[in-house]
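The values are calculated or read from the model by the stated rules, or taken from the named source; none is laboratory data. Just so it is clear, the model here is predicted, and its values are computed rather than measured. Reconstructed Cβ throughout: ideal geometry from the backbone, glycine too, with neighbour counts over all protein chains shown. Areas reflect the complete protein model, heavy atoms only, side chains present, ligands, DNA and RNA absent. Shrake-Rupley method; radii C 1.70, N 1.55, O 1.52, S 1.80 Å.
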There are 2 protein chains.
Amino acid sequence: MIIKSTFIDTPVYGEIRIRENEYVVVENGIITGIYGSIPPEYANENIIDRTGMIIIPAFNDIHVHAPQFYNRGNGYDLQLLDWLNNYTFPIEEKFADAQFAQKAYRDFVNGLILSGTMRAAIFATVHMDATKILMELIEKSGIKACVGKVNMDRNSPEGLCEDTDKSIDETIELIKWAEGLKNVEYILTPRFVPSVSEKLMIRLGDLAQKYHLCVQSHVSENKDEVELVRRLHPKAESYTRVYDEYGLLRKGRTILAHGIYLTDDEKKIIRDKEIYIAHCPDSNVNLSSGIMRLSHYKELGIKCPLASDVAGGNTLAMNKNAVYAVQISKVNSFINKTDKTIGLSEALYLATKESGQFFGNVGSFDENCEFDALVIDVDSLQPDNADAYKKLQLFMYDGDYRYIITRYCSGKEVILL
Amino acid sequence: MIIKSTFIDTPVYGEIRIRENEYVVVENGIITGIYGSIPPEYANENIIDRTGMIIIPAFNDIHVHAPQFYNRGNGYDLQLLDWLNNYTFPIEEKFADAQFAQKAYRDFVNGLILSGTMRAAIFATVHMDATKILMELIEKSGIKACVGKVNMDRNSPEGLCEDTDKSIDETIELIKWAEGLKNVEYILTPRFVPSVSEKLMIRLGDLAQKYHLCVQSHVSENKDEVELVRRLHPKAESYTRVYDEYGLLRKGRTILAHGIYLTDDEKKIIRDKEIYIAHCPDSNVNLSSGIMRLSHYKELGIKCPLASDVAGGNTLAMNKNAVYAVQISKVNSFINKTDKTIGLSEALYLATKESGQFFGNVGSFDENCEFDALVIDVDSLQPDNADAYKKLQLFMYDGDYRYIITRYCSGKEVILL
């Protein structure tokens, strides 16, 4: 495939690269070359001409709860622990019903596709069968994802609280089942420290090692939650250290969402172990959790890819979540006056390249990268002859799925289920 | 017209009213009754049945710059005064060209309609002819608006800086011209103190009195701007008092946008004169202006209707601006810890009823109110049998124009130009 357009990406944090009217050559999903004019060996090939449009890397969503899709906007008068009990757990219980799961997960996957999210790290629920349904839908759709059945066996409502052995057995069944899939990778998904017993944590740590798995969970989202972890694990040095004790901080392979209230020791271990802190600015405001000091973390060398965190966050649209990141960095600078703000280039990087490293060689238009891309046409939103960067700004700040003309994941066009 | 549906509105600040499966009767644009069952005298009338959908009051946008519509998302790395010089003034200069104005203003008015905004207080540019074009488009569209040509005769770029006499002459011509329109009311629009000479301010004050006009301007948006006003008017007690000196604070008839850095004296005069402080939370973050203490102002009795402030704000969508107001009130409570946060009920009130008082008897579904309404169908976004409040939350937080099935302004259906 050869595609001609204006390519905008962020190969380096803080830098926007705009290549106008260039040609990208893709073979077997991989970019094999980017050219200012068409090389002679491709002279007779069919060229997909998207002149006047812009092409950006597809979005990645590094932390999202599929079963909470219908709950967007619900219950934001509450804070985390009450919100989980009153809104989140009740809807998750419904995924015992396969028919409900089939409809809800199909709507969710279509929501990702519409938004231009081609890769995601996804929490399902505790239910094995519903998790298989989600995996099948993703497999069929052509987007790629790490999906995990949630593990939780303490401090949980009856309908979701698992028997520890059964939780492990079903996890193993899903790990093996996912090995047959092309687009889905299994990711271990202990919900968060408060709802996972030590016994379960030990066994999940063993599975992580045995099957070479990625891990996703939550950390330090809310002050009451941090305090609860302190009461549950009085001997642990910190919330993050609890995961580490059980072998769940896997170098460059673990995602912890939020990380608002990290101690210096936690920041250090997270940086050293190359843990991904999923930055969820929208969710952190909706649930009054607090503000993560993004630029401070980035300066320390911590990876902070962006995430929607639906349904703490209210939208899957990663362009909007990128804008929230910019806005919250400005608000943070009102409070922490020496912290830097970020702009659109940093936010686009965090929504594409930063998380792209987790998923593979993804997130920018460089040779040997997988071609994950969105073709964007904002002409009807613009005055005539707007430049490419203006088009990008308008799409990110006030654009939506209507303006995403084509979505590619690993070189293949993705359409709605 | 008789319409059956579930009506959601906020007749009082902080209270949501949900009336399920009721009948609203509208005659000549005015609500004449709301009934739980259809009264016998209407038994043979045709009923518009919107069962399963929700109907909310249409949005009002109390502060928006029509010529900046194409600039959404542009230049938010800058703060107010630099942003005006680098982005705002250059696009406003283009409205000397009637053809450009015709296209841009048509796109803008369609943007309002799509978003469900049926009333707005609008800044045009200094250009008389372009302002007439905008007024004609609104007149034709069926939405209602207060529109003003901007007055500015100092500290302005050459292409926009007016001759004082010409500024007044053209304003008078527009005032008279607007008298022939049904849907448009002329509103005096001195840009802001820094760009309006004392001579011009005096003459605008005279016009306000002579023609019984409303007034719109800006106040205390940005610390550098406040300091500039202090230097320009060293004898004035405050920024707000400058407007008062020239008769531009008209009781219940003046809108001042932003008002972030008001002194106690300013808050008092604004409350006493029933001035509307247009609350622009999105814009105030985009331009790093600061955070307006909404709940503090509301407790003082100040009117704070919501506004998009496009293009300081990045979207005309008032559902999103309402969400921003909720979110920014939460962030404000991180800083001003005793300030209350607001929820969706308060935000909906500020986007409908608070501003509805400025435009007339508008903004709730009560007898004698004009029927401005949006019929909303979020069924495809929802699980089955979601309740009405869930539907409202989902629409406000992640809905868009697609889900607004019908728009009514003063009882008449409004469609795109």
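Some points to look at:
- Taking every DSSP beta bridge that has both ends in the protein assembly as shown, the antiparallel portion is near 40%.
- Cα shape, the range A:81-141, gyration tensor, a/c 1.5 rule: oblate
- For the range B:328-417, the fraction of C-alpha pairs farther apart than 20 angstrom is 51 percent.
- Taking 1.567 mPa s as the viscosity and 4 °C as the temperature, the Stokes-Einstein diffusion coefficient of the protein assembly as shown based on its alpha-carbon Kirkwood radius rounds to 46 µm²/s.
- Under the criterion of Cα pairs below 8 Å and six or more residues apart, the relative contact order for the range A:206-286 equals 34 percent.
- Low-density loop positions, trypsin sites (Lys or Arg not before Pro), the range A:310-417 - DSSP coil, at most 12 other Cβ in 10 Å: A:337
- Under 5 Å, built H, 5+ apart or other chain: amide partners of residue A:257: A:217, A:218, A:219, A:278
- Stokes-Einstein D for the range A:128-232, Kirkwood Rh over Cα pairs, 37 °C, 0.692 mPa s (µm²/s): 227
- Pairs with C-alpha atoms separated by more than 25 Å, drawn from the list A:330/B:223; A:353/B:391; B:182/B:303; B:330/B:391, are A:353/B:391; B:182/B:303.
- Each Lys or Arg adds one and each Asp or Glu takes one away; over the other residues whose Cβ falls under 9 Å from the Cβ of residue A:283, this sums to -3.
- With Cα atoms, 0 to 90° folded angle of helix A:98-115 axis to chain A main axis: 40
- Gaussian network model of chain B, springs between alpha carbon atoms under 10 Å - residue of B:311, B:98, B:145 with greatest fluctuation: B:98
- For the range B:277-349, the alpha-carbon radius of gyration amounts to 0.99 times the rule-of-thumb value 2.2 N^0.38 Å expected for a compact globular protein.
- Among the GluC sites (Glu not before Pro) found in the range A:365-414, those both in a DSSP coil and sparsely packed, with 14 or fewer other Cβ atoms within 10 Å of their Cβ, are A:367.
- The spacing between the range B:206-251 and the range B:108-163, judged by their C-alpha centroids, is 21 Å.
- Rg and Dmax of the range A:1-113, Cα atoms only, in Å: 21.7, 63
- Relative contact order (%) - criterion: Cα under 8 Å, at least six apart; region: the range A:41-126: 50
- Result for chain A in a Gaussian network model with C-alpha springs under 10 Å: among A:344, A:78, A:204, the largest mean-square fluctuation is at A:78.
- Using the Cβ of residue B:187 as centre and a radius below 11 Å, the other residues enclosed give a net charge of +2, where K and R count +1 and D and E count -1.
- Cross-link partners for residue A:251 among the aspartates and glutamates, with Cα-Cα distance under 12 Å and sequence neighbours closer than 8 places in the same chain left out: A:272, A:274.
- Placing unit charges on each Cβ (+1 for Lys and Arg, -1 for Asp and Glu) gives the range B:323-366 a dipole about its Cα centre, and among B:358, B:326, B:336 the Cα reaching farthest toward its positive end belongs to B:336.
- Accessible surface buried upon A-B contact (total; probe 1.4 Å; Å², nearest 100): 3600
- For the range B:1-68, averaging the sequence separation of C-alpha pairs within contact (under 8 Å, six or more residues apart) and dividing by the residue count gives a relative contact order of 39 percent.
- Once the 1.4 Å probe is applied to the protein heavy atoms, the range B:166-292 comes out at 38 Å² accessible per residue.
- Here the Kirkwood formula, the inverse mean of 1/r across different C-alpha pairs, assigns the range B:1-51 a hydrodynamic radius of 11.6 Å.
- Charge tally for residue A:197 (other residues, Cβ to Cβ under 14 Å; Lys, Arg +1; Asp, Glu -1): -1.
- Cross-link check: pairs A:273/A:337; B:144/B:412; B:140/B:320; A:267/A:298; A:94/B:320 evaluated at a Cα-Cα cut-off of 19 Å; pairs beyond the cut-off: A:273/A:337; B:140/B:320; A:94/B:320.
- Springs between Cα atoms under 10 Å define the GNM used for chain B, and in it the highest mean-square fluctuation of B:350, B:228, B:287 occurs at B:228.
- Counting only aspartates and glutamates at least 8 places from residue B:132 when in the same chain, those with an alpha carbon closer than 14 Å to its own are B:97, B:170, B:173, B:179, B:185.
- Cα-Cα separations in the range B:211-362 greater than 27 Å, expressed as whole percent: 18
- Globularity ratio of chain A, using Cα Rg and 2.2 N^0.38 Å: 0.96
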